[in-house]
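Asker: Dropping a structure here in structure tokens format, bear with me for questions.
The values are calculated or read from the model by the stated rules, or taken from the named source; none is laboratory data. Fair warning: this is a prediction, and the values are worked out from it, not measured in the lab. Every residue, glycine among them, receives a Cβ derived from its backbone with ideal geometry; neighbour counts consider all protein chains shown. We work out accessible area using only protein heavy atoms, side chains counted, and drop any ligands, DNA or RNA first. Shrake-Rupley method; radii C 1.70, N 1.55, O 1.52, S 1.80 Å.
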Amino acid sequence: MMNSIIMLKGKVKYTLTLDPSVWIFDDRKLDMDVFFEHPPEQKDETEAYTKAVSKHWDREIQEGAVFPPTLKTEKKFKKQELVNGTFGILFAPFLANASPTEEATNVSFKTKDALISFSLEEAQKLIFGFSQDGKPLREDGPIYVYLPDGSNRNKPIKYVEEIIVT
């Protein structure tokens, strides 16, 4: 059984301990099937927030502020989605939080068999898969590393033990 914790260390100001088992609750998670079929466009955070608030406001105007039975159904659907979904999360926010030092140029993923390196720029675009068909990646995880174009979708980097910024 693999260790479910991954250290992000090396030429960073802050060493991070990553626990993929809690990412299922993270709002930044991505549905991997949807992501590779329709990659997200870069979006303006303010615009996204405004649209979300507008959508909520429109719904309250149309349906009233009471909680109609549809909301319970939607929650049930969301829960079902979590139980059966295949999810990932972008690596960029974690890398940014670790604050690579000025001399940092690469990010290496130490697996049980190899050391796989990417430039800092390439690494910022990587996606970490952490759940497949509603289950954590216990056997060959705890994460899979995917290229943003999905070219390694069927053969992701597995058995990641450490992430080292060099």
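Asker: Considering only residues that are open to solvent by 20 Å² or more (accessible area, probe 1.4 Å) and in contact with a Lys or Arg (Cβ under 7 Å, 6 or more places away or on another chain), which ones fall in the stretch 147-166?
Answerer: Within the stretch 147-166, P148, Y159, E161, E162, I164, T166 qualify.
Asker: Looking at G141 and the list (1) of a type outside the set (A, V, I, L, M, F, W, C); (2) surrounded by fewer than 17 Cβ atoms within 10 Å (Cβ to Cβ); (3) not in a helix (DSSP H, G or I), which single condition is not satisfied?
Answerer: Unmet for G141, out of (1) of a type outside the set (A, V, I, L, M, F, W, C); (2) surrounded by fewer than 17 Cβ atoms within 10 Å (Cβ to Cβ); (3) not in a helix (DSSP H, G or I): (2).
Asker: Anything in the stretch 68-106 that is at pLDDT below 90 and not in a helix (DSSP H, G or I)? List them, or say none.
Answerer: Within the stretch 68-106, P68, G85, T86 qualify.
Asker: Ok, one more. Within the stretch 110-125, track down each residue that is of a type in the set (G, A, S) and either assigned to a strand (DSSP E or B) or touching a Lys or Arg at 6+ places or on another chain (Cβ under 9 Å) (or both).
Answerer: S117, S119
Asker: Whether any residue in the stretch 118-125 is surrounded by 13 or more Cβ atoms within 10 Å (Cβ to Cβ), at pLDDT 70 or above and of a type in the set (D, E) is what I want to check.
Answerer: Yes, the stretch 118-125 has at least one match.
Asker: Which numbered condition in (1) surrounded by 16 or more Cβ atoms within 10 Å (Cβ to Cβ); (2) modelled with pLDDT under 90 is the only one that E37 fails?
Answerer: With (1) surrounded by 16 or more Cβ atoms within 10 Å (Cβ to Cβ); (2) modelled with pLDDT under 90 applied to E37, the lone miss is (1).
Asker: Take the residues in the stretch 126-138 that are within 17 Å of K29 (Cα to Cα) and in a loop (DSSP other than H, G, I, E, B); name whichever of them is most open to solvent (accessible area, probe 1.4 Å).
Answerer: Just the residues of the stretch 126-138 that are within 17 Å of K29 (Cα to Cα), to begin with: 126-137.
Next cut, in a loop (DSSP other than H, G, I, E, B) only: 126, 133-134, 137.
On the way: L126: 1, D133: 99, G134: 27, L137: 15 Å².
Here the residue is D133.
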